[in-house]
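Only one structure is covered here, and it is reproduced in the block below.
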Amino acid sequence: MCKHILNAQVSIRAPCCRKWFDCPECHAEESDHKLAKTLEMSFMCKKCRKAFRKDMTKYEESDEYCPNCDNHYVIDAKTPQEMVGIEAEDLRVDSRFGVTFQ
């Protein structure tokens, strides 16, 4: 499960080490080498779990879908957002008297 792209629809096979990763950042964290570039990419759909290849020099709009199950895998990435919160008692409740102030 990718912690960088929350809605990843495919895994990508790195041409350098031939391992599957959800995103380039996952490859960088787990490998001791840079991700090699290639014009033919191997993908694995997370919906149907089938692998397929795409020639990136002839990429068209119809190539945004898995050829096996029609899953649209080229979508806007959802990345985790940092949240800052404060955990404390609700100041509107006075716990000494059991009285709620509003």
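The values are calculated or read from the model by the stated rules, or taken from the named source; none is laboratory data. As the structure is a computational prediction, the values presented were derived from the model and not from experiment. Counting neighbours? That spans all protein chains shown, and the Cβs are built from the backbone with ideal geometry, glycine included. Heavy atoms of the whole protein, side chains included, go into the accessibility calculation; ligands, DNA and RNA do not. Shrake-Rupley method; radii C 1.70, N 1.55, O 1.52, S 1.80 Å.
Contact map, segment 25-52: residues that are more than 27 Å from C69 (Cα to Cα) paired with residues that are open to solvent by 100 Å² or more (accessible area, probe 1.4 Å) and at pLDDT 90 or above, Cβ distance under 9 Å, separation 6+ or inter-chain. Pairs shown: A28/K34; E30/K19; S31/K19. Count of segment 20-35 residues, restricted to those that are assigned to a loop (DSSP other than H, G, I, E, B) and either of a type in the set (G, A, S) or touching an Asp or Glu at 6+ places or on another chain (Cβ under 8 Å) (or both), is 1. Scanning segment 40-71 for residues that are in contact with a Cys (Cβ under 8 Å, 6 or more places away or on another chain) and modelled with pLDDT under 85 yields one hit, N71.
In this structure, A8 does not satisfy being modelled with pLDDT of 85 or more, surrounded by 10 or more Cβ atoms within 10 Å (Cβ to Cβ) and either under 15 Å from the mean Cα position of the chain (by Cα) or of a type in the set (S, T, Y) (or both). Residues that are hydrophobic (A, V, I, L, M, F, W, C) and over 14 Å from the mean Cα position of the chain (by Cα) within segment 11-42 comprise A14, C16, C17, A28, L35, A36, L39, M41, listed in sequence order. Among the residues of segment 41-67, those that are part of a strand (DSSP E or B) and either closer than 20 Å to K3 by Cβ or open to solvent by less than 100 Å² (accessible area, probe 1.4 Å) (or both) comprise M41, S42, F43, M44, C45, A51, F52, K54, D55, Y65.
The residue that is least open to solvent (accessible area, probe 1.4 Å), among those in segment 13-40 that are hydrophobic (A, V, I, L, M, F, W, C) and in contact with a Pro (Cβ under 8 Å, 6 or more places away or on another chain), is A36.
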